[in-house]
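Colleague: Have a look at the structure that comes next, please.
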Amino acid sequence: MSMYSGAGELPALAKDKITMENPEKSAQKDNELTAAEKKAGWKLLFDGKTTKGWHTYLKKGEEISPKWKVENGTLMLTDGGAGDIVTDEEFGDFELEMEWKIAEGGNSGIMYHVHEDPKFKATYATGPEVQVLDDARHPDAKQGKNGNRVAGSLYDMLPPTTNVTKPAGQFNKVRIVIKDGKAEHYMNSTKVVEYPTTGPEWEKMVNDSKFKGWEGFGKYSKGHIALQDHGNVVTFKNIKIRPL
């Protein structure tokens, strides 16, 4: 499977000083934006106190399950059966950052461009997934092809080029950039995946995956961000986005 490189990279985004690690940022409080981030157009998707701005997939207007618990500035799924949650807003091109921590043996995911329609029973029916996983203990890490189900992968489609994932019980920082038909995944400040989101190469990736023949998968250029309930404890914080 070919990869984008050289002219296919996103140098302007990759070099964006707003999102690069720096000494000042280490002192930044959780779930808050710096003045520079605000000026650059970032917005919080989680305020550290409530689930405002989120709803359960296909259940907008209803209360989110208490199994999605806000605690100590984090958004935690405490048990399965709560359902995936999605942003109230939809996004097209964007830069998304968050930190996630998975429990031992746990599995979850972050989906984007999720199209909310009753004919699609799950977020992953339309939204490509950035894998969240305890690679050391969950069997999914050894399934799929060539590591395309480990943490940071484009789930069942493209493995990370390097493994920089921290173990279960520790926070990992993920950054997802979707811009002009291209995507990049960063784990702990290292780019691990890049791919086109449309065109022949994308279609080949879909056809080589479990999503072959799925009516709506990867078909939408705008949609919701989703956090997956896969039945395991998972924690998120510092969820923020910048529309591009």
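Colleague: Could you tell me how many of the residues in region 104-119 are crowded, with 18+ Cβ neighbours inside 10 Å and part of a loop (DSSP other than H, G, I, E, B)?
Modeller: Number of matching residues: 3.
Okay, residues lined up against (1) under 26 Å from Lys191 (Cβ atoms); (2) over 19 Å from the mean Cα position of the chain (by Cα):
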| position | (1), (2) |
| --- | --- |
| His55 | no, no |
| Lys67 | no, yes |
| Gly81 | no, yes |
| Phe91 | yes, no |
| Met98 | yes, no |
| Gly106 | yes, no |
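Colleague: From the list Glu194, Glu203, Glu184, pick out the single residue that is surrounded by 20 or more Cβ atoms within 10 Å (Cβ to Cβ), outside any loop (DSSP other than H, G, I, E, B) and more than 12 Å from the chain's Cα centre (by Cα).
Modeller: The conditions single out Glu194.
Colleague: Let me ask something else. Could you say whether any residue in region 141-151 is part of a loop (DSSP other than H, G, I, E, B) and touching a helix residue (DSSP H, G or I) at 6+ places or on another chain (Cβ under 6 Å)?
Modeller: yes
Colleague: Scan Gly92, Gly81, Gly53 and give me the residue that is in contact with a Ser or Thr (Cβ under 8 Å, 6 or more places away or on another chain), farther than 23 Å from Ile178 by Cβ and of a type in the set (Gly, Ala, Ser).
Modeller: Matching residue, one of Gly92, Gly81, Gly53: Gly81.
Colleague: Moving on. Contact list please: Cβ distance under 7 Å, first residue in region 177-191 and without any contact (Cβ under 8 Å) to a residue 24 or more places away in the chain, second residue of a type outside the set (D, E, K, R) and part of a strand (DSSP E or B), pairs at least six apart or on different chains.
Modeller: From region 177-191, the pairs are Gly181/Pro196; Tyr186/Val174; Tyr186/Val192.
Colleague: Right, Gly127: closer than 19 Å to Asp156 by Cα, of a type outside the set (Asp, Glu), part of a loop (DSSP other than H, G, I, E, B) and within 12 Å of the chain's Cα centre (by Cα) or not?
Modeller: Answer is yes for this residue.
Colleague: Report the residue count in region 105-128 for those that are hydrophobic (A, V, I, L, M, F, W, C) and more than 17 Å from Arg175 (Cβ to Cβ).
Modeller: Residues flagged as hydrophobic (A, V, I, L, M, F, W, C) and more than 17 Å from Arg175 (Cβ to Cβ) within region 105-128 amount to 4.
Colleague: Could you say whether any residue in region 75-93 is of a type in the set (Phe, Trp, Tyr), over 26 Å from Val150 (Cα atoms) and surrounded by 14 or more Cβ atoms within 10 Å (Cβ to Cβ)?
Modeller: no
Colleague: Within region 152-180, how many residues are of a type in the set (A, V, I, L, M, F, W, C), in a loop (DSSP other than H, G, I, E, B) and either crowded, with 22+ Cβ neighbours inside 10 Å or over 15 Å from the mean Cα position of the chain (by Cα) (or both)?
Modeller: The qualifying residues number 3.
Colleague: Looking only at region 208-226, filter to residues that are of a type in the set (Phe, Trp, Tyr) and in contact with a helix residue (DSSP H, G or I) (Cβ under 7 Å, 6 or more places away or on another chain); which one of those is farthest from Val70 (Cα to Cα)?
Modeller: If we take residues in region 208-226 being of a type in the set (Phe, Trp, Tyr) and in contact with a helix residue (DSSP H, G or I) (Cβ under 7 Å, 6 or more places away or on another chain), then Trp214 is farthest from Val70 (Cα to Cα).
Colleague: Being within 21 Å of Asn232 (Cβ to Cβ), in contact with a Leu (Cβ under 7 Å, 6 or more places away or on another chain) and not in a strand (DSSP E or B) is the filter here; which residues of region 52-74 pass it?
Modeller: Lys67
Colleague: I need the full set of residues from region 73-104 which are more than 14 Å from Asn172 (Cβ to Cβ) and β-branched (Val, Ile, Thr), in order please.
Modeller: Thr78, Ile85, Val86, Thr87
Colleague: Whether any residue in region 227-242 is of a type in the set (D, E, K, R), buried (at least 22 other Cβ atoms within 10 Å of the Cβ), assigned to a loop (DSSP other than H, G, I, E, B) and in contact with a helix residue (DSSP H, G or I) (Cβ under 8 Å, 6 or more places away or on another chain) is what I want to check.
Modeller: Taking every residue of region 227-242 in turn, none turns out to be of a type in the set (D, E, K, R), buried (at least 22 other Cβ atoms within 10 Å of the Cβ), assigned to a loop (DSSP other than H, G, I, E, B) and in contact with a helix residue (DSSP H, G or I) (Cβ under 8 Å, 6 or more places away or on another chain).
The numbers here are math on the coordinates, done by the rules we state, and not lab data. Since the model is a prediction, treat every value here as computed from it, not as a measurement. A quick note on method: Cβ atoms are made from the backbone with ideal geometry, for glycine too, and the neighbour counts reach across all protein chains shown.
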